[in-house]
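Visitor: Here it is, the structure in full.
No value in this document is a laboratory result; all are computed from the given coordinates. Only a predicted model underlies this, so the values are computations on that prediction, with no experimental measurement involved. Methodologically, a virtual Cβ is constructed for each residue, glycine included, from the backbone with ideal geometry; neighbour enumeration extends over all protein chains shown.
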Amino acid sequence: MVLRIYGVAIEMLRMLRPVMERIGSKDPNLGDQLRRAATSIPLNLSEGAYSQGRNERARWHTAMGSAAEVRACLDVAEALGYVDGVDEELRIKLEHLIGTLYRLTRR
C-alpha cells in the first residue's frame, strides 16, 4: 500500500532543500539534524506502508516524530536568525503531514 501522504512528504522535502542549505551554511549541525529528520519522514512512510500491525504504526510514529523535529528545527533556525521566516506553504504541508500521521497512528 502506498500512502498518498508520501507524495506530500516528498514535495515538502523539495521545498525544504533551499532552507536546509541556508541553515546548513549558518549552522552545520542544525542543518544536518534538519536534513536527517526531513529525509526520515518519507523513508519511514514507505517502510510503514509495507509493514503490518505494530511495525506499521511504529514507522508512522517515527515519521510523525521526525516531522515534529523538522518543525522544531525550523523554529530554532528562525529564532536564531538563520532564516527570515519559513514559507507558509511549507508550514502548511508540514502541519498536514503531522495531522495525517497522527490520525494514522490512532487507527
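Visitor: Using the Karplus curve 6.51 cos²θ - 1.76 cosθ + 1.60 with θ = phi - 60°, work out ³J(HN,Hα) for each residue of segment 90-107 in order, rounded to whole Hz, and write x for Gly and Pro.
Guide: 5, 4, 5, 4, 5, 5, 4, 4, 4, x, 5, 5, 4, 5, 4, 6, 9, 4
Visitor: Sticking with this one: What are the ³J(HN,Hα) couplings of segment 57-69, residue after residue, when phi is run through the Karplus curve with 6.51, -1.76, 1.60 and θ = phi - 60°? Round to Hz, x for glycine and proline.
Guide: 5, 4, 5, 5, 4, 4, 4, 5, x, 5, 5, 5, 5
Visitor: What is the spin-label model distance, in nm, from S46 to R106 if the labels are put 7 Å beyond Cα along the C-beta direction?
Guide: 2.9
Visitor: For segment 22-27, what does the Karplus curve 6.51 cos²θ - 1.76 cosθ + 1.60, with θ = phi - 60°, yield as ³J(HN,Hα) per residue in whole Hz, taken in order and with x for Gly and Pro?
Guide: Running phi through 6.51 cos²θ - 1.76 cosθ + 1.60 with θ = phi - 60° gives 4, 5, x, 6, 8, 8 Hz.
Visitor: A further question follows. For the chain, with the dipole built from +1 on Lys and Arg beta-carbon atoms and -1 on Asp and Glu ones, taken about the Cα centre, which of L90, L43, V76 lies farthest toward the positive end?
Guide: L43
Visitor: For V83, enumerate residues with amide H under 5 Å from its amide H, sequence gap 5+ or separate chain, H modeled in the peptide plane.
Guide: E78
Visitor: Using just the C-alpha positions of segment 4-105 as equal point scatterers, what log10 of I(q)/I(0) does the Debye formula give at each q in 0.10, 0.18, 0.23 1/Å?
Guide: -0.26, -0.77, -1.14
Visitor: Which value, in debye to the nearest 20, gives the size of the charge dipole of the chain about its Cα centre, when Lys and Arg are +1 and Asp and Glu are -1 at the Cβ? Present the calculation step by step, with values, prior to reporting the outcome.
Guide: Numbers: 16 positive and 14 negative charges, 120 e Å.
The calculation lands at about 580 debye.
Visitor: Using Cα pairs closer than 8 Å and at least 6 residues apart in sequence, work out the relative contact order for the chain, in percent. List each step's numbers first, then the result.
Guide: Details: 107 pairs, mean separation 34.5, N = 107.
Once normalised by length, the contact order is 32 percent.
Visitor: Given the DSSP H assignment, sum -39500 (n - 2.57) over each helix run of at least 4 residues in the chain and divide by its residue total; what's the result at 222 nm in deg cm²/dmol, nearest 500?
Guide: -29500 deg cm²/dmol
Visitor: While we're here: Show me the three semi-axes of the equivalent ellipsoid for segment 45-107, from the C-alpha gyration tensor (sqrt of 5 times each eigenvalue), largest first, rounded to whole Å.
Guide: Output for segment 45-107: semi-axes of 28, 11, 8 Å.
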